[in-house]
Amino acid sequence: MKPETLAIRATHYLDQNAHAVAPPIMLSTTFERDPDGALPGGFIYSRTDNPNRQLLESALAQIEAGKHGLAFASGIAAITAVAQLFQSGDHFLAEVGMYNVAKYLLEEIFGPFKIQVTYVDMSDLDAVAATIQPNTRLIWLESPSNPLLKITDIRAVVALAKKHQILTGVDNTWATPVLQQPLQLGVDIVQHSTTKYLGGHSDVLGGALIVNDDDLATRLRRIQNLTGAVPSPFDCWLVTRGIKTLPLRMREHSANAQKVAEFLAAHPKVHRVHYPGLANHPGYAINQTQMRLPGGMLSFQVNGGFAGAAQVLSKVQLFTRATSLGGVESLIEHRRPVEGANSTTPEDLLRVSVGLEHADDLIADLEQALASV
Ligand SMILES: *Cc1c(COP(=O)(O)O)cnc(C)c1O
């Protein structure tokens, strides 16, 4: 099936009672047993599993072309479950541009359990090879990265990791399975914040893991049940609904972002645009071998330093000044102040989640905001 068809079929559920075409939301936390103790519906208790989560998890596996899907209460809960696979004394390599809340998670929560992390620029393969230690157990990638849209050669890092028997994971939130399928590139674990493009409407928090290996799936499912960071049936229902239009939305997000990036790249008050769909992006060629389209996220650097970026931010009307990404509405954010004191992000950088408004309107808004710089 093509992605558009799969997104609709994988999330389709025909209720056997009413024959409703849209799935019902089943809020029940518990499920009846037969007199002999058997579970006719296959469900015991909703933390362990429930119909709405089962539908979502099956859809997640199908759209990532994977075997097992697991849904979590947030993207960060999904990353937590991955970290919980490991032990004291283990070492991780993570992309230097890793989602910064995940960095705090690993340092503040897993650091005291003696999990060590080294951050490395994954687009520099020699640096990755040089940073591998005898106790390195996980290499964690994010491509495109945040907020500089750096591209990692996923196949090359996987080849290196396999040589050292190291597990690999990709935070695929920004690309989505419509544009990039890391399991097909040999990666062991794919993670999403479904809060972003999969939900797609800025109204539900969620996370996901997709794996092929049966043992890994069993261990993650055990962690999911024992730590309980699971989404509610309604959360699952919203993400399931979002997935139905994901292929259409991603095509449009990407087409809009390409136009906005090209406009910005030609603008005299912008000195740098970070978007993997621009031919001068250092990861352009590699990205064409692993992403179907360059996606809906970009960042750019404005003349006039911090003040220049702040000025653009204060003048935009169509873009909403907010963090996060992946919704239908375009968002803009001045990253440096959001990331705090340890941030290495350029002070003149604005990050944009290009939404589904018309590209001409978005460009006109940026044009008038840049004119004031
Ligand atoms: C938002 C985000 C996360 C965290 O997900 P939550 O749903 O907010 O917990 C992780 N990785 C990336 C790339 C994100 O954009």
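For this structure, a couple of remarks:
- For the range 72-84, the criterion of being more than 29 Å from GLN184 (Cα to Cα) and either assigned to a loop (DSSP other than H, G, I, E, B) or more than 21 Å from the chain's Cα centre (by Cα) (or both) is met by no residue.
- Within the range 167-219, the set of residues being among the small types (Gly, Ala, Ser), buried (at least 24 other Cβ atoms within 10 Å of the Cβ) and more than 12 Å from the ligand (Cβ to nearest atom) comprises GLY200 only.
- Within the range 83-126, the set of residues being of a type in the set (A, V, I, L, M, F, W, C), within 16 Å of the ligand (Cβ to nearest atom) and touching a strand residue (DSSP E or B) at 6+ places or on another chain (Cβ under 6 Å) comprises PHE92, ALA94, VAL96, MET98, LEU106, VAL117, MET122.
- Long-range neighbours under 9 Å by Cβ, at least six apart or interchain, first residue over 12 Å from GLY296 (Cα atoms) within the range 317-334, second polar (S, T, N, Q) and surrounded by fewer than 21 Cβ atoms within 10 Å (Cβ to Cβ): GLN317/GLN368; ARG321/SER314; ALA322/SER202; SER324/SER202; ILE332/THR320; GLU333/THR323; GLU333/SER324
- Of all residues in the range 201-231, exactly one satisfies the criterion of being among the polar types (S, T, N, Q) and without any contact (Cβ under 8 Å) to a residue 60 or more places away in the chain, namely THR218.
- Pick from the range 220-243, criterion β-branched (Val, Ile, Thr) and more than 30 Å from SER330 (Cβ to Cβ), ranking: surrounded by the most Cβ atoms within 10 Å (Cβ to Cβ): VAL230
Each reported figure results from applying straightforward, stated rules to the coordinates on display, with no laboratory input. Since the model is a prediction, treat every value here as computed from it, not as a measurement. Backbone-built Cβ (ideal geometry, glycine too); neighbour counts: all protein chains shown.
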